[in-house]
Every structure is written in structure tokens, then in C-alpha cells.
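Structure, as C-alpha cells:
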Amino acid sequence: MKKAVKDKMGSNTILHVAEASGLSPATVSRVMNNHPYVKEETKKRVLDTIEKLGYHRNNVASGLRSNKTKTIGLIVPRISMFFHAAVITVVQNHLYKQGYNVMICQSNDSLQMEKDLVKTLHSTRVDAVIAACTLQTTDFSHFDLLMKSGIPVIFYDRVPMQKTSAILIKGDDVRGGYLAANHLIELGCKRIAHISGLLSCNLYLDRTAGFEKAMKQNNIPVNKDWIFHHELTYDNARRDLEKIFKKSKVPDGIVADNDTSAIAALEYAKEIGLNVPVDLKIIGYSNDPRSAIISPSITTIEQYPDLMGEKIVKVLMSILSRTNTEDVLQEPTVIPVQLIRRFSA
């Protein structure tokens, strides 16, 4: 496996090659820049050393000439999540066509791992970093290490809520939360539960704001016993449903802020003998492919990960080429969402 260039300026690579070949860093640099006054035997010695060390000659030379590694770091919470997997695919494919490699890093929703990954990407001297942060990330200052070194940072989906010099690209989650709740209200639901994520994360703060806006607009009270904020896992959603349906007063509609929770709600409802959507209407979020194949299929909110991935690449290329950056630095870019009607609501 070929080794990545260790430093954006190429200095670490030059020193490594110089030490291994027994030549000076200046001589190695002259060879890689095709200086005319270099002996053939010296040139061969340097190139043979580069090959022996596992570096790719063209990448080393290119890095020296352009001060670029042509590598982009991409940090995601979990590759297994449908939305992030879709974004990764689009970003990687588009950047590959532009001559860039993507270093995909998974934080496993661990803040400490995210911090370590930032340090790793900084030492690797990537040209830019794209990141969707962990649910625990409320202080984004560890990314300052990158920006202070001139490495642009684009946050997408899970983004800082405080002021930042980084670029933000996110979904219209307030609109998504509103569409979900309002759809159930239009279908006649008056007792609506909400299974959402941690409010320290912009996604769930915004979706909750949209949910509450629809409820208030239609004069429907929010029952606090039916509102949940935690990590959105299948098991957590089932526990929510167990709590809800142990009581005499139960909801006639559920808004779940991801499709995994919506699937958990649907399966639990069927287990206790409820007819979905007659007795209980359920709506999810994300348009995960699983939501379309379960029976009944789940009404959900489409986030358009392909569109988000394309926008990330467009903005990134603009930054790296230093053209048209003013318009993307001032305000977050918001990707639209859409209600996808199926049979659960």
C-alpha cells in the first residue's frame, strides 16, 4: 500500500526520503522538481528510494509543486446510517472525478474519537475536512486546529449552533418537523407523541421546533408524557412505546425523528394488536429504504442526501479554487425536505 504524503508542504516526505537515500533534502527536492543539473545516478537513487519506501512518485512530486495532497478528510458518526452512507457515496464519487481521494473516518458517535480524528487529519495535512459531528459535540473548538492551519472545514447535517467561521450545510429540519406533525393533524390526529433525539444536537432542536409550531398553530396541546429526547435507537423507541401504552390515555399519532424509531413503533403497535394506520398513525424521518419495504410502508420525510452531497462538493471545489467563496461563507446552506406519503399515515 502506498504511503500518504505526511505534510502539505512535503517537508516530512523529503526528510524521510533524504535520510533513507543518504542525500540532502535539497537534492531530493531538486530531483522531484526535475531540476536540469542533477546527475542521472543521483536521480535514480532518489526515485529508487521513493519506490522502496512505498511512496507514490507522482503524488510526492505533485504535493511538492502545488502544496496540496489532493486528499479530503470526511468524518461521519456512523457509516452504517443510511443518510450518511448516501452522502459519502456522492461526495466520494464526485471528488474522485475531480482528482481527489477521500479519507473516510468514522467517529462511532464518540466525542473523544472525533477529537482524535481531527488531530490525525491535521497531521496528515488533508486539503479540507467535511464533518458531521457526534451527538455529544456541543463545543466544536477542536476543529479550530484545522482552520487555524488554513484547512477549510465544512460541517453538514449535524452542525454547530454557535457562530463559526466554518461552512454549514444542513437540512431544513424545522420544516421537516412541521410537515410531519401537520400531516398527522390534517389526517385527524389530536393526540400526537414525539420521539426525538437529544436537544443538544441541531437536528432535533430544529425538528422539535417544527413539531411544536404545527401543534401550536392548530391549537393542539403537547402532552409532555408523550415527548421523548434520547439517542434514536430501535430499543429506545420500543421502551417509549411501552411507557406510552401502559397508560389509559394513548396517542393516535406518532412523529418519530428517524425511520428506525418509526419502524420500532410500527412493530410494537402490531404486536399489541393495533391497526396502523386505523388505530395509530406513524410518520418517520429520513426515507431510509427500509421504510418503503415494511408493511405497512412508512410515511416519512425525505432529506435528499444526494443533493446534500452534491452541494458539499460544489461548495468545497469553490473554496479550494478560491472562487465565489463570499456567498457560501455568510449563511448556512439549507437543503429542502419533502413529505413522502405512504400507508402508515
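In the set ILE263, ILE244, only one residue is out of contact with any Lys or Arg (no Cβ under 7 Å at 6 or more places or on another chain) and touching a residue at least 12 places away in the same chain (Cβ under 8 Å); that residue is ILE244.
Of all the residues that make up the range 72-117, how many are surrounded by fewer than 20 Cβ atoms within 10 Å (Cβ to Cβ), touching a Ser or Thr at 6+ places or on another chain (Cβ under 9 Å) and of a type in the set (Ser, Thr, Tyr)? Within the range 72-117, residues that are surrounded by fewer than 20 Cβ atoms within 10 Å (Cβ to Cβ), touching a Ser or Thr at 6+ places or on another chain (Cβ under 9 Å) and of a type in the set (Ser, Thr, Tyr) number 1. Within the range 161-179, the set of residues being within 14 Å of THR300 (Cα to Cα) and over 15 Å from the mean Cα position of the chain (by Cα) comprises ARG175, GLY176, GLY177, TYR178, LEU179.
Considered as a group, the residues in the range 18-71 that are at pLDDT 75 or above and within 23 Å of LEU121 (Cβ to Cβ) include one that is nearest to the chain's Cα centre (by Cα), and that residue is THR71.
Counting only residues that are part of a loop (DSSP other than H, G, I, E, B) and more than 23 Å from the chain's Cα centre (by Cα), the range 225-284 holds 17 of them.
On inspection, ASP144 passes the criterion of being free of Cβ contacts under 8 Å to residues at least 12 places away in the same chain, outside any loop (DSSP other than H, G, I, E, B) and surrounded by fewer than 16 Cβ atoms within 10 Å (Cβ to Cβ).
Being closer than 26 Å to LYS163 by Cβ, surrounded by fewer than 19 Cβ atoms within 10 Å (Cβ to Cβ) and not acidic (Asp, Glu) is true of PRO336. Of the numbered criteria (1) farther than 23 Å from GLU231 by Cα; (2) in contact with a Lys or Arg (Cβ under 6 Å, 6 or more places away or on another chain), the one ASP173 fails is (1).
The values are calculated or read from the model by the stated rules, or taken from the named source; none is laboratory data. Every value quoted in this text rests on a predicted model; they were computed, and no experiment measured them. Here Cβ is always computed from backbone atoms with ideal geometry, including for glycine, and neighbour counts include all displayed protein chains.
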